[in-house]
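Some notes on the structure that comes next.
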Amino acid sequence: MRPGFFAEGRLARLSREFGLLGPLGDAMEPWMTAELDQHTAAVRDSIATDGGRLTRVSLSRYLDGFMDGCRERGWYSSCDGYDWETLRLLAVCRLAKEQGFVR
């Protein structure tokens with residue numbers, strides 16, 4: 001097992017749940033690829049701006065803060081499309097998978 005992998009962590013649960021809502025594989029439409037690329041870059045930049053490296057812990061902390069903000073605004077995923085928050089969460093899932101933090 002890869003060091004840092006935690007099968008029951010927040011990133012794993014999110015990836016399982018949101019993996020059902022959106023494509024994270026190779027068969028994405030071009031607009032989705034572009035949107036996820038931008039969101040992924042924004043997440044990386046946010047973590048780096050805080051002086052951190054992209055690790056399972058830093059991505060989990062980013063996720064916690066992002067979800068706290070979503071809850072404060074009363075956001076919930078309606079599954080009726082890809083709003084900004086859903087795209088950002090899919091980008092977090094994508095990063096977690098690319099980095100080997102989840103399977």
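Things to note:
- For region 49-103, filtered to residues that are in a loop (DSSP other than H, G, I, E, B) and among the hydroxyl-bearing types (Ser, Thr, Tyr), the residue that is farthest from the chain's Cα centre (by Cα) is Ser78.
- Cross-chain or 6+ apart pairs with Cβ under 8 Å, region 52-79 first and under 18 Å from Arg94 (Cα atoms), then loosely packed, with under 15 Cβ neighbours inside 10 Å and of a type in the set (Gly, Ala, Ser): Leu54/Ala48; Thr55/Gly4; Arg56/Gly4; Ser58/Gly52; Tyr62/Ser46
Okay, residues lined up against (1) closer than 22 Å to Gly9 by Cα; (2) surrounded by 12 or more Cβ atoms within 10 Å (Cβ to Cβ); (3) of a type in the set (A, V, I, L, M, F, W, C); (4) at pLDDT 90 or above:
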{"site": "Leu20", "(1), (2), (3), (4)": "yes, no, yes, no"}
{"site": "Leu24", "(1), (2), (3), (4)": "yes, yes, yes, no"}
{"site": "Trp31", "(1), (2), (3), (4)": "no, no, yes, no"}
{"site": "Thr40", "(1), (2), (3), (4)": "yes, yes, no, yes"}
{"site": "Leu54", "(1), (2), (3), (4)": "yes, yes, yes, yes"}
{"site": "Tyr62", "(1), (2), (3), (4)": "yes, yes, no, yes"}
{"site": "Met67", "(1), (2), (3), (4)": "yes, yes, yes, no"}
{"site": "Ser78", "(1), (2), (3), (4)": "no, no, no, no"}
{"site": "Gly81", "(1), (2), (3), (4)": "no, no, no, no"}
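- Long-range neighbours under 9 Å by Cβ, at least six apart or interchain, first residue within 11 Å of Ala42 (Cβ to Cβ) within region 87-103, second in a helix (DSSP H, G or I) and acidic (Asp, Glu): Leu87/Glu35; Ala91/Glu35; Ala91/Asp37
The values are calculated or read from the model by the stated rules, or taken from the named source; none is laboratory data. As the structure is a computational prediction, the values presented were derived from the model and not from experiment. As a convention, Cβ positions derive from the backbone with ideal geometry for all residues, glycine included, and neighbour counts pool all protein chains shown.
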